[in-house]
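Trainee: Please see the structure below; I have some questions.
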Amino acid sequence: MRDFICSNCGQRLAFENSLCLSCKRPLGYSLEHMSLLVIAPSEEASHAGFVDADSYELCANLHLAECNWLVEKAPVRKLCASCELTRTRPPDADTKALEAFAAAERAKRRLIVELAELKLPIIDRDEDPEYGLAFDLLSSEEQKVFTGHANGVITLDLAEGDDVHREQLRISMDEPYRTLLGHFRHEIGHYYFYRLVGPSQEYSQRFRELFGDPDADYQAALDRHYQQGPPADWENDYVSSYATMHPAEDWAETFAHYLHIRDTLDTAAAFGFAPAAATFERKMLGPSGFDQIIDMWLPLAWSLNMINRSMGKDDLYPFVLPPAVLEKMRFLHTVIEEVTAH
């Protein structure tokens, strides 16, 4: 995710800003323009980077989810394109869960922007009631909540927004990385398997060659993974130990890492830390496209890890990408490139 510039005064802005801290102008994010726009009176709205306050306002979840996305004005205040995808949230009386809900929605908005940048289809439950995308963001304080994906619905345990809880799980499960955004990127991978790979005989066959049988007994695989752990030398073929559990999880983990890489490269390019070719606008076309991405990513990841170590922190990207993982990721890149080209 890049930063933005205030169209009124030139102040640098973050994706989450709803107010310019320099000129105090109200701001709103436009998914259509992929930019933060100044919300201004009608007489100023013709300026580039401005939007008419008589026609647009901020999402109805401005306070509840700290959402700064623009919506068209209506008799009843509307939800934005990201917030509309949330099917279930904590009740208003659960103030603790609502704090975690706001954190989860912030991460989800970043996910939605990256999917839009990659031109991936976002088909909701109104368009596809059986398999459309939706989010259930639930608190596990008083009920069991299992983060996961089922038929287009992504469920997230809002306890993942608590740093202590999430870190305890990360350590107990021997994971090098665990974040809200990481969860969303992983679960959306499951959604896109059914949306992009499953319907295609060609893609399905290649998937089986690289990842294995997606229809293998999931519960048996889950039990085996937690009883026996990952196989020896798993690092040679998988991006994470969790990816060894089942072909579907291998795909989702690989998908999440592809999103990690593309978004971080885009941000780094915007700040001059990576070549301009790393941005989303510069299409990586043809057989060499994926190689270009990895050739830019590896030195960047190494340098970011060294910067983190200089600050006394763990590696920012604590993963290795062996040849087998790169082949899986190359397939994923090809699927996205071909599907979004039409």
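No lab work stands behind these numbers, since they all come straight from the coordinates. Bear in mind that the values here come from a model prediction, so they are computed numbers and not experimental data. Note that we place each Cβ from the backbone using ideal geometry, even for glycine, and neighbour counts take in every protein chain shown.
Trainee: Give or take rounding to whole Å, what are the principal axis extents of the alpha carbon atoms in the chain, in descending order?
Mentor: Principal-axis extents of the chain (Cα, largest first): 65, 48, 47 Å.
Trainee: Return the FRET efficiency for the residue pair A232, D295: r is the Cβ-Cβ distance, R0 is 41 Å, and the value is rounded to the nearest 0.05.
Mentor: Working: r = 31 Å, r/R0 = 0.75.
Calculated transfer efficiency: 0.85.
Trainee: Listed highest first by mean packing, meaning other Cβ atoms within 10 Å per residue, what order do 266-277, 149-160 come in? Numbers along the way, then the final one.
Mentor: Working: 266-277: 15.4, 149-160: 20.2.
Final packing ranking: 149-160, 266-277.
Trainee: Here is a follow-up. Quick test of the membrane-span-like rule: which DSSP H helices of the chain reach at least 24 Å along their long axis (C-alpha atoms) with mean Kyte hydropathy at least 1.6? Present the calculation step by step, with values, prior to reporting the outcome.
Mentor: On the way: long enough: 95-117 (33 Å, -0.02); 247-270 (35 Å, -0.36); 289-310 (32 Å, 0.27); 323-340 (25 Å, 0.34).
The answer is none, since no helix passes both cut-offs.
Trainee: Multiply the residue separation of D52 and K73 by 0.36 nm, subtract the distance between their alpha-carbon atoms, and state the gained length in nm to one decimal. Don't jump to the answer; show the numbers that get you there.
Mentor: Details: separation 21, 0.36 × 21 = 7.56 nm, distance 1.02 nm.
The D52-K73 span can extend by a further 6.5 nm.
Trainee: Kirkwood hydrodynamic radius (Cα pairs, Å) of the range 61-203? Intermediate values should be presented prior to the final figure.
Mentor: Numbers: mean 1/r = 0.0621 Å⁻¹.
Radius from the Kirkwood sum: 16.1 Å.
Trainee: Counting only helical runs of four or more DSSP H residues, what would the 222 nm mean residue ellipticity of the chain come to if each run contributes -39,500 (n - 2.57) and the total is spread over all its residues?
Mentor: -13000 deg cm²/dmol
Trainee: Further question on the same structure: Cross-link candidates for K144: which lysines have Cα within less than 20 Å, leaving aside residues fewer than 8 places away along the same chain?
Mentor: Reachable lysines: K96.
Trainee: Right, here's the next one. Taking the range 4-79, how much of its Cα-Cα pair set, in percent, is spaced more than 16 angstrom apart? It would help to have the intermediate numbers written out before the result.
Mentor: Working: 1244 of 2850 pairs.
Value for the range 4-79 (Cα pairs over 16 Å): 44 percent.
Trainee: Could you check the simple spin-label distance between A220 and E43, using points 7 Å along Cα→Cβ, in nm with one decimal?
Mentor: 7.5 nm
Trainee: Okay, moving on. For K119, list the aspartates and glutamates whose Cα falls under 13 Å from its own Cα; do not include residues on the same chain fewer than 8 positions away.
Mentor: By straight Cα distance, K119 reaches E32, E281, E337, E338.
Trainee: Between S288 and D92, what is the FRET efficiency for a Förster distance of 51 Å, r being their Cβ-Cβ separation, to the nearest 0.05? Intermediate results must be reported in sequence, preceding the final value.
Mentor: Numbers: r = 53 Å, r/R0 = 1.03.
FRET efficiency, S288 to D92: 0.45.
Trainee: Find which of F135, T279, F211 sits farthest along the positive direction of the dipole of the range 129-279, computed with +1 on the beta-carbon of Lys and Arg, -1 on that of Asp and Glu, about the Cα centre.
Mentor: Projecting each Cα onto the dipole axis, the largest value belongs to T279.
Trainee: Dipole size in debye (nearest 20) for the chain around its Cα centre, Lys and Arg Cβ +1, Asp and Glu Cβ -1?
Mentor: 800 debye
Trainee: Also, I was wondering about something else. Subtracting the Cα-Cα distance from 0.36 nm times the residue separation, let me have the gained length for S140 to L64 in nm, one decimal. List each step's numbers first, then the result.
Mentor: Numbers: separation 76, 0.36 × 76 = 27.36 nm, distance 1.90 nm.
Stretched out fully, the S140 to L64 stretch lengthens by 25.5 nm.
Trainee: Please enumerate, by chain and number, the lysines with C-alpha under 20 Å from the C-alpha of K78, excluding those fewer than 8 residues away in the same chain.
Mentor: K108
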